[in-house]
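What follows is a short report on a single structure.
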Amino acid sequence: MSGHSKWSTIKHKKGAADAKRGQLFTKLTRAIIVAAKEGGPDPGANLALQNAIEKARSYSMPKDTIDRAIAKGSGADSDASQFETVVYEGYGPSGIAVIVEALTDNRNRTASDVRHVFAKNDGNLGGSGAVGWLFERRGVVLVDSEGADEDELTLAAAEGGADDVSLDGTSFQVTCAPESLAAVRQALEAAGFTVDSAELTMVPKTTVEVADESAAKKLLRLVDQLEENDDVQDVFANIDIPEQVLEAVAS
């Protein structure tokens, strides 16, 4: 799980920067609208909406913005029906497996854009199922390790329904079944822990270590360019970049 924890942390830090530009909020809002349209406005009875809200909260989206998105999605005049979920699978440089999840109103346009990004970054877009078997859907909550007692965290996580707690660098990673994500977050917050992020993700069953700085830069450039696409909601990869390489690449 260590490689995934690093990946979650990378994505969250990058997401926080994206939020300042407004791009991430637009994507989060779209996901809430579509989830509310498809499953109704009650998060308690709509797991997709519940998880979309949890992710939005992780990036400090204001409550009234979330509420407006729910109202828009569940309203009769909602334009959410024009969007559909599409998943693309492929390989990036260094043989890294990549999954791209998108919400699009034009499947052909999005497929063309995603294929182009893979090609120009030494990757290959594959067919459905090409790399999906290398991942599993999980709920992941990140808690800053500074000042956090691991035993207390583990107990609170277990009470919320989590499966595992592990430490990687400066974050505790709490993993759980997708349907337990909101309950785990609530249990941790009730116990006094500060949650950095809580979202559904695709956890790689095995990771590939990339210790070369130039290779790491190339991979992160692929991810960046995929995430810059307005239709792309999430990008997942089975990459494990050592801490010192990650710091060098980020600086």
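Scanning the range 200-239 for residues that are touching a Gly at 6+ places or on another chain (Cβ under 9 Å) and open to solvent by less than 20 Å² (accessible area, probe 1.4 Å) returns Thr201, Pro204, Leu219, Leu222, Val223, Ala237, Asn238, Ile239. Just so you know, in the range 107-140 the residues that are of a type in the set (Asp, Glu) and not in a strand (DSSP E or B) include one that is farthest from Ala177 (Cα to Cα), and it is Asp122.
This table checks each residue for (1) within 18 Å of Val98 (Cβ to Cβ); (2) outside any strand (DSSP E or B).
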position: Val165; (1), (2): no, no
position: Gln186; (1), (2): no, yes
position: Met202; (1), (2): yes, no
position: Ala211; (1), (2): no, yes
position: Arg221; (1), (2): yes, yes
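The number of residues in the range 234-251 being touching a strand residue (DSSP E or B) at 6+ places or on another chain (Cβ under 9 Å) and either of a type in the set (A, V, I, L, M) or under 12 Å from Val114 (Cβ atoms) (or both) comes to 4. Residue pairs whose Cβ atoms lie under 6 Å apart, separated by 6 or more positions or on different chains, with the first residue in the range 201-216 and touching a residue at least 40 places away in the same chain (Cβ under 8 Å) and the second in a loop (DSSP other than H, G, I, E, B) and among the aliphatic types (A, V, I, L, M), are Val208/Ile96; Val210/Ile241. Just one of (1) part of a helix (DSSP H, G or I); (2) out of contact with any helix residue (DSSP H, G or I) (no Cβ under 7 Å at 6 or more places or on another chain) fails for Thr175. It is (1).
Selection over the range 141-156 of residues that are in a loop (DSSP other than H, G, I, E, B) and either touching a strand residue (DSSP E or B) at 6+ places or on another chain (Cβ under 7 Å) or in contact (Cβ under 8 Å) with a residue 12 or more places away in the chain (or both) gives a count of 3.
Quick check on my filter: what residues within the range 152-186 are surrounded by fewer than 19 Cβ atoms within 10 Å (Cβ to Cβ) and among the hydrophobic types (A, V, I, L, M, F, W, C)? Scanning the range 152-186 gives Leu155, Ala158, Leu167, Ala177, Ala183.
Within the range 135-149, how many residues turn out to be exposed (fewer than 14 other Cβ atoms within 10 Å of the Cβ) and modelled with pLDDT of 90 or more? Quick ask: steps written out before the conclusion?
Of all residues in the range 135-149, those exposed (fewer than 14 other Cβ atoms within 10 Å of the Cβ) come to 136-137, 144, 146-147, 149.
Subset that is modelled with pLDDT of 90 or more: 136-137, 149.
So the answer is 3.
Glu89 fulfils the conditions (1) free of Cβ contacts under 8 Å to residues at least 60 places away in the same chain; (2) not in a strand (DSSP E or B) except for a single criterion, (2). Out of curiosity, is Ala52 among the small types (Gly, Ala, Ser) and open to solvent by 20 Å² or more (accessible area, probe 1.4 Å)? Judged against the criteria, Ala52 is not a match. Scanning the range 120-131 for residues that are surrounded by fewer than 16 Cβ atoms within 10 Å (Cβ to Cβ), under 14 Å from Ala97 (Cα atoms) and not polar (S, T, N, Q) gives Asp122, Gly127, Gly129.
Give the residue, chosen from Asp163, Asp196, that is among the charged types (D, E, K, R) and touching a His at 6+ places or on another chain (Cβ under 7 Å).
Asp196
The values are calculated or read from the model by the stated rules, or taken from the named source; none is laboratory data. Keep in mind that this is a model prediction, so the values were computed, not measured. Cβ sites come from the backbone with ideal geometry, for glycine too, and all protein chains shown count toward neighbours. The area values use the complete protein model at the heavy-atom level, side chains included, leaving out ligands, DNA and RNA. Shrake-Rupley method; radii C 1.70, N 1.55, O 1.52, S 1.80 Å.
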